Structures are given as structure tokens and as C-alpha cells.
Amino acid sequence: MDEFVFSPTHVAPPGGLASWTAPDPARPSARFDALLPLQLLGRQGDWAQVLCSNGWSAWVDGRLLVALPQPPPAAGGPPARTADPRPALAEAEAALARYRALLEDLAAGTLDLEAFRERTRGLRVGLVVDGEALWAFDPVHDRWCFCDGLQLQTYAATDRQPAPAAPEPSPRHTPTPAPAQSPAPGASPSPVGGPYAPTQAGEP
């Protein structure tokens with residue numbers, strides 16, 4: 001008998017994810033928790049069949065799945081760990097303090113918008129605390145880590161190259177971002193939270 005191997009490819013979005021027992025809006029099932037690891041099995045239009053780590057499968061709105069940037073570590077290899085989560089917290093606090101100080105200077109008028117953009121370029125902070133659970137972004141290794149209160153371990157990594165350190169202000173001009181475009185008449189808005197049925201493609 002083959003041993004069950006779970007290899008997550010996606011996670012549920014931060015707001016959780018509605019699920020159905022079949023690609024049919026009339027057959028709702030349990031709601032997935034936020035950031036729950038999921039393995040994509042197949043797609044049918046906007047529908048996606050996913051597998052949970054306990055072997056249970058369901059159908060979800062595939063447009064809401066958050067893809068993991070790269071495959072998880074091989075099962076035979078030990079995951080990268082940081083025994084003490086406090087250094088990651090200290091890095092996040094320092095980055096947040098830096099951003100807050102620059103924001104205070106901008107509000108006080110001692111820093112202009114162009115200089116503010118220059119000095120915050122490459123600054124990345126990510127921290128979520130929910131009870132004893134902690135998710136912290138490690139900008140050095142460009143990865144998210146999870147902490148259960150005792151150890152910090154890699155949760156998801158990206159293949160993007162880390163942004164360069166923010167340079168000192170320079171006289172060069174920083175272009176102003178273009179204003180957001182309004183959706184075209186009749187266009188469907190992007191999904192925002194809350195359970196809703198995906199577009200059905202043919203008979204299930």
C-alpha cells in the first residue's frame with residue numbers, strides 16, 4: 001500500500017476559504033481556515049479541487065488560492081529552523097520603527113514625498129500575531145516563518161530576489177505613480193472576502 005504523501009502547492013487566503021463537496025454552488029461544505037496548506041488536484045473552470053493534509057478533498061474557488069512560490073523542502077530533509085523567534089521580532093520592530101520615523105518626518109514637513117519614497121524603497125515588514133501563533137517575514141532570506149511560541153520555522157519562501165537596501169536621497173526625479181484606473185463599465189469587481197460561488201464551467 002502506497003504511503004499518503006501531502007505536498008502543498010497553495011494556501012487558503014488570509015480571510016479563509018469557502019468549500020463545496022462538488023463543483024456545484026448548491027453543495028457547500030466546511031470553510032477552510034486562513035493560510036491552510038492545500039494541494040491542488042485539478043481545475044474545472046474557476047473551480048479547483050484541493051487536498052488537505054488529512055486526506056480530505058473539496059472544491060473551492062480556484063481564483064482565491066494563494067500559490068506557494070516554490071515547492072516545500074523534501075520530506076527527507078530537515079526543515080530550516082531558527083530556535084529563537086526573538087531575533088525575527090527584533091528585525092520587524094526595527095524596520096517598523098524606521099518606517100514610523102520617516103512617516104513622522106513626512107507628516108511634520110521635514111521630509112518631502114520624493115525623499116520619503118527613496119528612503120523607504122526596499123523596506124519590507126510582515127508580522128501577524130493570532131494568539132500563540134506568529135507569522136513573521138524574514139527579509140534576509142525572503143521567506144515567511146511560523147512560530148508556535150517555541151520555534152520559528154520556514155512556512156513559505158519566494159524565488160524573488162530581495163530588494164536592494166534603500167539608498168540615500170538623490171537629486172534624480174522619482175516618477176509619480178499613475179492613478180488607479182476605474183473598472184470598465186460592466187466589468188466584474190475583484191472578489192473580496194466572504195463566501196460566493198465560482199463561475200460554473202459545464203456540468204460537474
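Every read-out reported here was derived from the displayed coordinates using simple, explicitly stated rules and does not represent laboratory data. Because the structure is predicted, anything quoted here is derived from the model rather than measured. Neighbour counts run over all protein chains shown; Cβ positions are idealised from the backbone, glycine included.
Shown here for the stretch 88-130: trypsin sites (Lys or Arg not before Pro) in loop regions (DSSP other than H, G, I, E, B) with at most 16 other Cβ atoms within 10 Å, namely 121, 124.
A Förster distance of 45 Å, applied to the separation of the beta-carbon atoms of residue 29 and residue 104, puts the FRET efficiency at 0.40.
Remark on residue 155: its backbone amide H falls under 5 Å from those of 144, 145, 146, a criterion applied only to residues 5 or more positions apart or on other chains, H modelled at 1.01 Å from N. Can you compute the label reach from residue 96? Point 7 Å from Cα along the Cβ direction, backbone N cut-off under 13 Å, restricted to the stretch 116-130. It comes to 125-130, nothing else. Counted by Cβ distance under 13 Å from residue 90, the other residues give a net charge of -2, where Lys and Arg count +1 and Asp and Glu count -1.
A cut-off of 5 Å between modelled amide H atoms, ignoring neighbours fewer than 5 places along the same chain, links residue 141 with no other residue.
Report note on the peptides 102-113, 129-140, 51-62: ranked by the mean count of other C-beta atoms within 10 Å, highest first, their order is 51-62, 129-140, 102-113. For residue 46, the residues 5 or more places off, or on other chains, whose built amide H falls under 5 Å of its own are 199, 201.
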